[in-house]
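Have a look at the structure below, then the notes.
The values are calculated or read from the model by the stated rules, or taken from the named source; none is laboratory data. Everything numeric here is computed off the predicted structure, so don't read it as measured data. Here the Cβ positions follow ideal geometry from the backbone for every residue, glycine too, while neighbour counts run over all protein chains shown. SASA here: full protein model, heavy atoms, side chains in, ligands and nucleic acids out. Shrake-Rupley method; radii C 1.70, N 1.55, O 1.52, S 1.80 Å.
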Amino acid sequence: MNEYLLSIGMGLCVLVFLILYRVVFGPGVFNRMVALSAIGTKTLIILLIIGFLYNRVDMFVDISMVYALLNLIGTLAASKYLETQGENY
Amino acid sequence: MNVTDILFVLFMAGGLFFFTTATIGLLRFPDFFSRLHATGKGDTLAVFLSLVGLGIYEGFSLTSLKIIFIAVFMFLAQPTATHAISRAGFRSGLKPWLKEEKKS
């Protein structure tokens, strides 16, 4: 079962590299923010998979819980800032 | 291969599938709002499926309760973030893509 978890994690890492294209070449700052929030949710799952592979799930669950909260707050703060300072404004 | 393992495999495969579709949507859609449309919904469902799968794999314990809490939280938080980004984009002057325009 660990191999299955590892393969899911590898698949997610491939997806993160695909999204990096949008982060680098995204036409504007908003496309980059969409890509970053997508990467954030994938990292959350990768974190939990690492926790399962190391058999320290209770530690990694707390880490991923904090990561999910910070991902939301970061996105909200950045979008509130970019609302008035965005490049098209 | 008891029931929980089968359920775990199915949930994680579903999660990975929806992650892939959301990523394809993010890369190929022509406009900011359609990309947001794809990732906002695709990632929310994929995170929910994956987390429920991991919670099932963990069995019945405090840790799986925390994992289910993260799943419910992400189910509420992701749409909020999507709304915030789309409002910021719209208010800062991004116009939705129309049929005859060039891809942006």
When the residues of the stretch B:10-29 are filtered to those that are open to solvent by 60 Å² or more (accessible area, probe 1.4 Å) and among the aromatic types (Phe, Trp, Tyr), which remaining residue is farthest from residue A:39 (Cα to Cα)?
-> B:29
Looking at the stretch A:20-55, which of its residues are of a type outside the set (S, T, N, Q), outside any helix (DSSP H, G or I) and at pLDDT 90 or above?
-> A:54
Return yes when residue B:88 is at the interface with chain A (Cβ under 9 Å from one of its Cβ atoms) and of a type outside the set (S, T, N, Q) and no when it is not.
-> yes
Unmet requirement for residue A:81, which otherwise passes all of (1) open to solvent by 70 Å² or more (accessible area, probe 1.4 Å); (2) part of a helix (DSSP H, G or I); (3) touching a helix residue (DSSP H, G or I) at 6+ places or on another chain (Cβ under 8 Å) | (3)
Report yes if some residue within the stretch A:21-31 is within 7 Å of another protein chain (Cβ to nearest Cβ) and open to solvent by 80 Å² or more (accessible area, probe 1.4 Å); otherwise report no.
-> yes
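Residues are listed down the side, and each one gets a yes or a no for (1) without any contact (Cβ under 8 Å) to a residue 12 or more places away in the chain; (2) polar (S, T, N, Q); (3) within 8 Å of chain A (Cβ to nearest Cβ); (4) open to solvent by 30 Å² or more (accessible area, probe 1.4 Å):
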residue	(1), (2), (3), (4)
B:35	yes, no, yes, no
B:54	no, no, yes, no
B:58	yes, no, yes, yes
B:65	yes, no, no, yes
B:96	no, no, no, yes
Of the residues that make up the stretch A:50-63, is at least one closer than 18 Å to residue B:44 by Cα, open to solvent by less than 80 Å² (accessible area, probe 1.4 Å) and either touching a residue at least 60 places away in the same chain (Cβ under 8 Å) or at the interface with chain B (Cβ under 8 Å from one of its Cβ atoms) (or both)?
-> no
Hey, residue A:5 more than 7 Å from chain B (Cβ to nearest Cβ), in a helix (DSSP H, G or I) and open to solvent by less than 20 Å² (accessible area, probe 1.4 Å) or not | yes
